[in-house]
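Presented below is the structure to which this report refers.
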Amino acid sequence: MRFSISTAFLPTDQLVPIARAADELGYDSLAMPDHVVDLETLRTPYPYTPDGARRWGPEAEWPDPWVMAGALSTVTTRLRFVTSVYVPALRNPFQVAKSVGTAAVISGNRVALGVGIGWCEEEFELLEQGFRTRGRRTDEGLALIKELWQPGWREFHGEFYDAPRLVMEPTPTAPVPIYVGGLSEIAFARAARHDGWVGDMYRTDEAIGWATRLAEVRAETGAEGDFSVFVALTDAFLPEHFARAEEGGVTDCMTMPWMYYSGRDATVEQKVEGMARFADDVIEPLASARGS
């Protein structure tokens, strides 16, 4: 199992020391969430809490993930940068392709595009993008983005987007993995067409259930190749807990290790200390048990 540090709601000025520590301590990636703005009043309920209330307050910071990936890649050597998740349908896909592709080049191909179709209708309205068409625009936009990441002259003709012969440079020198979020069967089918799935916070048994269903969908559609399953586990804290999740199909665990040791209000020094303790308590024993 690979471990990813979640940057959700972290103060932006803590990102450099946390990225450096993650790079040095053997974490696989940073998982970077995405919102352009946080509106004070919403009609749309947040879909991941029982009462529809948001998990964060107005003080939460949402730095642009691709600016973050480009900047943090210059102070790290091996750490990957994964969005958890980015909403491409909020933006023009040409700009998404440019931002992600540039971050891929700067980082030496250490980025992955985790996407969702988005839940906040008011944010779509503010950015002047259609909410009702976001699923179809996501599918077509991803096809266009992958085309724009290819070198040389390209063109594209779809329902929503049209591109005459053009070139977009720089282009990534290796494929950028695309992971898809969402719990519907449509989302699972979309994920199966790409390189992985990004989930939310689950108990281990629930995460294994989603991983099993994704494997079934991939088998039904004839999908082949490596496939990543990203989740945060709410009831795992010992190496054997994470090993059981891995055996059940979970490949990547998003975590804030300082929560085990110092809690939500940890200082940046305590966060780095917690990351080191978790590496000793969990990551190293897991690697040793695998013989890697």
(message) What's the total number of residues in segment 16-28 that are surrounded by fewer than 23 Cβ atoms within 10 Å (Cβ to Cβ) and touching a residue at least 12 places away in the same chain (Cβ under 8 Å)?
(response) 9
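Closer than 24 Å to ASP281 by Cα, touching a residue at least 12 places away in the same chain (Cβ under 8 Å) and in contact with a Pro (Cβ under 6 Å, 6 or more places away or on another chain): which single residue out of ALA31, ALA8 fits that description?
Numbers: ALA31 fails: in contact with a Pro (Cβ under 6 Å, 6 or more places away or on another chain).
Answer to the selection: ALA8.
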(request) Return the total of residues in segment 152-168 being free of Cβ contacts under 8 Å to residues at least 12 places away in the same chain and either at positive phi or charged (D, E, K, R) (or both). (result) 2
(request) Filter segment 38-73 for residues that are touching a helix residue (DSSP H, G or I) at 6+ places or on another chain (Cβ under 7 Å) and either loosely packed, with under 11 Cβ neighbours inside 10 Å or not in a loop (DSSP other than H, G, I, E, B) (or both) and give the result. (result) ARG43, TRP66, MET68, ALA69, GLY70, LEU72, SER73
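Only one residue in ARG43, ARG54 is touching a residue at least 60 places away in the same chain (Cβ under 8 Å), on the phi < 0 side of the Ramachandran plot and basic (Lys, Arg). Which one?
Details: ARG54 fails: touching a residue at least 60 places away in the same chain (Cβ under 8 Å).
Residue meeting the stated conditions: ARG43.
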(request) Would you check which residues across segment 124-156 are over 23 Å from PRO172 (Cα atoms) and among the hydrophobic types (A, V, I, L, M, F, W, C) and list them? (result) PHE124, LEU126, LEU127, PHE131
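Rundown of residues vs (1) touching a strand residue (DSSP E or B) at 6+ places or on another chain (Cβ under 6 Å); (2) surrounded by 19 or more Cβ atoms within 10 Å (Cβ to Cβ); (3) of a type outside the set (Lys, Arg); (4) without any contact (Cβ under 8 Å) to a residue 60 or more places away in the chain, yes/no style:
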{"site": "GLY182", "(1), (2), (3), (4)": "no, yes, yes, no"}
{"site": "THR221", "(1), (2), (3), (4)": "no, no, yes, yes"}
{"site": "VAL231", "(1), (2), (3), (4)": "yes, yes, yes, yes"}
{"site": "PHE242", "(1), (2), (3), (4)": "no, yes, yes, no"}
(message) Criterion first (out of contact with any Pro (no Cβ under 6 Å at 6 or more places or on another chain) and more than 30 Å from ARG137 (Cα to Cα)) does HIS194 satisfy it?
(response) no
(message) Given the criterion modelled with pLDDT of 95 or more, within 22 Å of SER99 (Cβ to Cβ) and in contact with a Gly (Cβ under 8 Å, 6 or more places away or on another chain), identify the matching residue among THR251, THR204, THR171.
(response) THR171
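Within segment 116-134, can one find any residue that is of a type in the set (Phe, Trp, Tyr), surrounded by 15 or more Cβ atoms within 10 Å (Cβ to Cβ) and assigned to a strand (DSSP E or B)? Lay out the reasoning, then the answer.
Keep residues of segment 116-134 that are of a type in the set (Phe, Trp, Tyr), which gives 119, 124, 131.
From the residues that got through so far, the ones that are surrounded by 15 or more Cβ atoms within 10 Å (Cβ to Cβ) too are 119, 124, 131.
Still in the list and also assigned to a strand (DSSP E or B): none.
The answer is no, given that none of the residues of segment 116-134 is of a type in the set (Phe, Trp, Tyr), surrounded by 15 or more Cβ atoms within 10 Å (Cβ to Cβ) and assigned to a strand (DSSP E or B).
Sort out which residues of segment 159-180 are surrounded by fewer than 16 Cβ atoms within 10 Å (Cβ to Cβ) and more than 26 Å from VAL198 (Cα to Cα), and write them in order of number. Show your work before the answer.
Taking segment 159-180 first, the residues surrounded by fewer than 16 Cβ atoms within 10 Å (Cβ to Cβ) are 159-160, 162, 164-167, 169-170, 173-175.
Once the filter is applied, which keeps residues that are surrounded by fewer than 16 Cβ atoms within 10 Å (Cβ to Cβ) and more than 26 Å from VAL198 (Cα to Cα), segment 159-180 yields GLU159, ASP162, PRO164, ARG165, LEU166, VAL167, GLU169, PRO170.
State yes or no: is THR212 buried (at least 17 other Cβ atoms within 10 Å of the Cβ), of a type in the set (S, T, N, Q) and either within 30 Å of GLU24 (Cβ to Cβ) or modelled with pLDDT of 95 or more (or both)?
The answer is no for THR212.
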(request) Give me a count of the residues in segment 246-272 that are among the polar types (S, T, N, Q) and either surrounded by fewer than 16 Cβ atoms within 10 Å (Cβ to Cβ) or over 21 Å from the mean Cα position of the chain (by Cα) (or both). (result) 3
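The values are calculated or read from the model by the stated rules, or taken from the named source; none is laboratory data. Quick caveat: nothing in here was measured; it's all calculated off a predicted structure. Positions of Cβ are backbone-derived with ideal geometry, glycine not excepted, and every protein chain shown enters the neighbour counts.
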